[in-house]
Each structure stands twice: as structure tokens, then as C-alpha cells.
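Throughout, read-outs are computed from the coordinates displayed, never taken from laboratory work. Every value quoted in this text rests on a predicted model; they were computed, and no experiment measured them. Cβ placement follows ideal geometry from the backbone for every residue including glycine, while neighbour counts extend to all protein chains displayed.
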Amino acid sequence: MVKVRKAVIPAAGLGTRFLPATKSIPKEMLPIVDVPTLQLVVEEALASGIEEIILVTGRGKSAIEDHFDISYELEHTLRERGKKEMLASIERISQMVRVISVRQKEPLGLGHAVLVARQAANDEPVAVMLGDDLYDCDRCARPAIGQLIDAYEKRGGAGVIALLEVPAGQEHLYGVVAGDSAGPGMMRVTDMVEKPAPGTAPSRMSIMGRYVLPSEIWPILAQTKPGKNGEIQLTDALKTLATKHGCYGLAVEGVRHDAGDRLGYLRANLAYALKRDDLKPGLIAIMKQLLEEHSA
Ligand code: UTP
């Protein structure tokens, strides 16, 4: 079994739900308090043992590359002004990890975005982590993608996808799986449907932003035809992977935040701010005041 060393982070989507902000700022760079969403995703990968990050970016996304690069002028100014802590936090980002960026010229779907990373991944197995999806695993033994990597190794190198049980009636918003139990929190996936029509979902177990994919995924992705909305859907490729080679779903421990959705993004900001001693008391006071003002 080949070790998972690389993570692909697709971040080339248009982010239309965040317009007009995303006209010039990639949605993956919008901050959760003061850290870009994408940095939190990269930190999760590093804490899980990933050695190399392949960022899939697109037009208007140069802020992403700049963020993980050395910022000479800024570092120089902070050094001159004696802002040691700030300087350390800025330097840490550019020293974090080996980051390669590849360009998806058109947003032709998530499957296509992953496929664009094939050459950089050198046909190795990869972790795929959506750049606008957060898992807060502070209270778990391992970060979310680390949990999936462990399951991949336990299953002898089979594909593993993160699952979350969604409330009844919300299945049509997600990719939903069908399958058989394969141990605690684990299922063997037999089928997947991307955004099923209301009332037709095979289960409430939905695919949520993290995947560990074996090398077999590359030729499958290359042969996957455009599906729903004319996009190359990762779900269609995963379905073929499940049929031909087997694929598992793991109910990931941790709190997931959809930072690509406006309410999900606001919730993530509140939840992350409430974890910080410097912000928690002030934020609670503001929230109480706002609740009073708006509950009348
Ligand atoms: P989303 O579907 O949430 O992103 O994709 P989007 O299309 O940018 O969002 P809206 O609906 O217009 O607001 C999940 C992740 O996959 C990336 C996105 O950047 C996001 O991080 N993605 C999606 C790509 O990299 N390429 C694509 O073609 C589609």
C-alpha cells in the first residue's frame, strides 16, 4: 500500500454565493476571525502528516498563492518595528509546507479540479480537502483528514470518504451514499447520488468535503464524462471507484462548518471566536445585546 503524502485542495470555484466579495477575493481566503479558511485547511493537512499541498486555483485567485509565499516587504517592516509575534505568525505561513499551485482554467466541476492536479500528484494516492469546508477536531484524537488516512491504511489502501448524517429533508443538498455497515462508524459504499431529487435519497449519510483516494482514481477521473450541470463530478468518479475497487465511508468525528455558505460561514466565525479567550467574553456580550435587540 502506498502512503498518502500529498493533499489536493480545490479552490478554483467561482464562489457565487459570496458575491460581490468574491469578485476580487477568493472565498477560500475569507477569514474565520483572522485566519483564512484555506489556511485552516492547510493546517489540518499538516497536522495529519501530509508533506505536500497541491492547491488548485483559478482566475483571480492569486491572493491564495501570495498568502503561502514569503512577503518580503511586510516581514521587513514588522522586523523593523519590533513586532516579533506578528512576524513569527507571518513567517510561519510561508514556512509551513511545500505548496504547489496548479491552475484550473475553467471551473468545470470538482472532479475536473482534482484531475488538474494529476501531474503534480504524480499518480500517487491523495487526500482531497475542499478549500471552503472546515472540520474543527480540537476535541478529537486526530484531525478529520487524519482519521480518513488511518481508515485508508486499515483498509489496505482503499478509498475512504468523509460522511455526515444530515437532517431528514436536506439530502437533496448533498452527495448521498448507500452502503452496508463495515464496523463502527464505517460503511462499504455501494452507490452514490449527487444532490438527489427530494424524497429519492438512498440514505441520510452525505459526503462532506474530505476524501482519501487511491491511485486508481486518476484513470477513472480522466474517463469521467461531464454529468450534472455539464460538470465533471467527483461523485461520478467515486461511484466507479466504489464499483471497480471498493470504497468506504467514514463518519468523521468533529464539528463540520460549511464556510462556502453564508450562514455556515457566519456560524464558523462565531464558533472559532468563542474558542478564543481574548474574544469570547466580548463576543458573548455583543451576541446577548443583539439577541435582545432582535427578539422584540
Ligand atoms: P463549491 O461548489 O462549494 O464552490 O465547491 P463554488 O462553485 O465556488 O461555490 P458557489 O456555489 O458558486 O458559491 C467546493 C470547493 O471546490 C472548489 C471550490 O473552489 C470550493 O473550494 N471547486 C469547485 C473548484 O476548485 N473547481 C470547480 O470547478 C468547482
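Tabulated data
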| read-out | value |
| --- | --- |
| Amide N proximity, region 247-275 versus Glu85 label position 7 Å along Cα-to-Cβ, cut-off under 18 Å | 273-275 |
| Kirkwood-based Rg to Rh ratio, region 209-264, C-alpha trace | 1.04 |
| log₁₀ of I(q)/I(0) at q = 0.16, 0.24, 0.29 Å⁻¹ - region 3-69, Debye sum with one point per alpha carbon | -0.54, -1.08, -1.37 |
| Prolate/oblate/rounded call for region 1-150, Cα gyration tensor, a/c under 1.5 rounded | oblate |
| Only Lys, Arg (+1) and Asp, Glu (-1) charged, at Cβ; the chain dipole about Cα centre in debye | 340 |
| Stokes-Einstein D for region 244-296, Kirkwood Rh over Cα pairs, 4 °C, 1.567 mPa s (µm²/s) | 94 |
| Packing-based order for 35-42, 171-178, using average beta carbon neighbours within 10 Å, highest first | 35-42, 171-178 |
| Simple Cβ-charge dipole of region 195-292, Lys/Arg +1 and Asp/Glu -1, about Cα centre, in debye nearest 20 | 160 |
| Ranked packing of 255-266, 238-249, most packed first, by mean Cβ within 10 Å | 238-249, 255-266 |
| Reach of Lys3 by Cα under 22 Å, taken over lysines that are not fewer than 8 positions away in the same chain | Lys154, Lys244 |
| Gained length - Thr243 relative to Arg262, 0.36 nm times residue gap less alpha-carbon distance | 3.3 nm |
| Leu30, Leu290, Leu250 arranged by Cβ crowding within 10 Å, fewest neighbours leading | Leu290, Leu30, Leu250 |
| Computed lengthening from Gln289 to Asp180, 0.36 nm per intervening residue step minus Cα-Cα distance | 34.4 nm |
| Relative contact order of the chain, pairs being alpha-carbon contacts under 8 Å that are 6 or more residues apart, as % | 22 |
| Gain on full stretching of the segment that runs from Lys280 to Met1 - 0.36 nm per residue minus C-alpha separation | 95.9 nm |
| Positive dipole terminus of the chain, leading residue within Val99, Val193, Asn269 (C-beta point charges) | Val193 |
| Directionally averaged projected area (convex hull, Cα atoms, the chain), nm² | 17.5 |
| Euclidean distance between Cα centres, region 67-107 to region 262-296, Å | 29 |
| At most 11 other Cβ within 10 Å, DSSP loop - trypsin sites (Lys or Arg not before Pro), region 80-159 | Arg81, Lys105, Arg139 |
